[in-house]
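The values are calculated or read from the model by the stated rules, or taken from the named source; none is laboratory data. Here the structure is a predicted model, which means the values were calculated and not measured. Neighbour counts are summed over all protein chains in view; Cβ atoms, including those assigned to glycine, are modelled from backbone coordinates with ideal geometry. Surface accessibility is based on the protein's heavy atoms, side chains included, excluding ligands, DNA and RNA. Shrake-Rupley method; radii C 1.70, N 1.55, O 1.52, S 1.80 Å.
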Amino acid sequence: QVQLVESGGGLVQAGGSLRLSCAASGRYRMGWFRQAPGKEREFVAAITWSGGSTYYADSVKARFTISRDNAKNTVYLQMNSLKPEDTAVYYCAAPGTTGSWYYWGQGTQVTVSS
C-alpha cells in the first residue's frame, strides 16, 4: 500500500514562498495537484522516478519547482512568487498499476493573501 503524507502548507502573502513536502512509502513517479474551493482538482507538477524529468502546468511554470530526495523518499514543491489564485488544497499523488494517478495524500492547505 502506497502512503503519502504532505506537509508545509500555510498562510503567506502574495509574492512570498512556501515549500511543500510529500513523504512517500517508496520511490515512485510523483505529482502535485491542487483544488481550489468550487473548482476541480488540477495538475500542478510531476517528476519522474529518477528525477530526470519534470513537468509543470503553464500557470506555475517558472514560479514552482518540483524536486525529490530519493534517499528520503520525499518530493518537494518549491513555490515562489505566490499569487492569491494559488490558494488551494495541495495534494501529492503516485500512480497505480495502470500508470494513472491513483494514490493521494491527505492534502495541505495553501492560502495566499493579497
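The table below lists the values:
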item: Failed criterion for residue 65 (all others in (1) touching a residue at least 24 places away in the same chain (Cβ under 8 Å); (2) in contact with a Leu (Cβ under 9 Å, 6 or more places away or on another chain); (3) not charged (D, E, K, R) hold); result: (1)
item: Single condition residue 65 does not satisfy, out of (1) assigned to a loop (DSSP other than H, G, I, E, B); (2) open to solvent by 50 Å² or more (accessible area, probe 1.4 Å); result: (1)
item: Among residues of segment 1-48, those that are part of a loop (DSSP other than H, G, I, E, B) and hydrophobic (A, V, I, L, M, F, W, C), counted; result: 3
item: Residues located in segment 49-61, provided they are part of a loop (DSSP other than H, G, I, E, B) and modelled with pLDDT of 95 or more; result: 53, 57, 58, 59, 60, 61
item: Candidate set: segment 19-35, residues that are open to solvent by less than 30 Å² (accessible area, probe 1.4 Å) and not aromatic (Phe, Trp, Tyr); chosen: the one modelled with the lowest pLDDT; result: 26
item: Criterion: open to solvent by 60 Å² or more (accessible area, probe 1.4 Å) and at positive phi - qualifying residue of 8, 38; result: 38
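Condition check ((1) buried (at least 18 other Cβ atoms within 10 Å of the Cβ); (2) under 16 Å from residue 5 (Cβ atoms); (3) basic (Lys, Arg); (4) touching a Ser or Thr at 6+ places or on another chain (Cβ under 7 Å)) across all residues:
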{"position": "77", "(1), (2), (3), (4)": "yes, yes, no, no"}
{"position": "84", "(1), (2), (3), (4)": "no, no, no, yes"}
{"position": "94", "(1), (2), (3), (4)": "yes, yes, no, no"}
{"position": "98", "(1), (2), (3), (4)": "no, no, no, no"}
{"position": "102", "(1), (2), (3), (4)": "no, no, no, no"}
{"position": "108", "(1), (2), (3), (4)": "yes, yes, no, yes"}
{"position": "112", "(1), (2), (3), (4)": "yes, no, no, yes"}
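Condition check ((1) within 14 Å of the chain's Cα centre (by Cα); (2) under 18 Å from residue 13 (Cα atoms); (3) surrounded by fewer than 18 Cβ atoms within 10 Å (Cβ to Cβ)) across all residues:
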| site | (1), (2), (3) |
| --- | --- |
| 50 | no, no, yes |
| 72 | no, no, yes |
| 80 | yes, yes, yes |
| 89 | yes, yes, no |
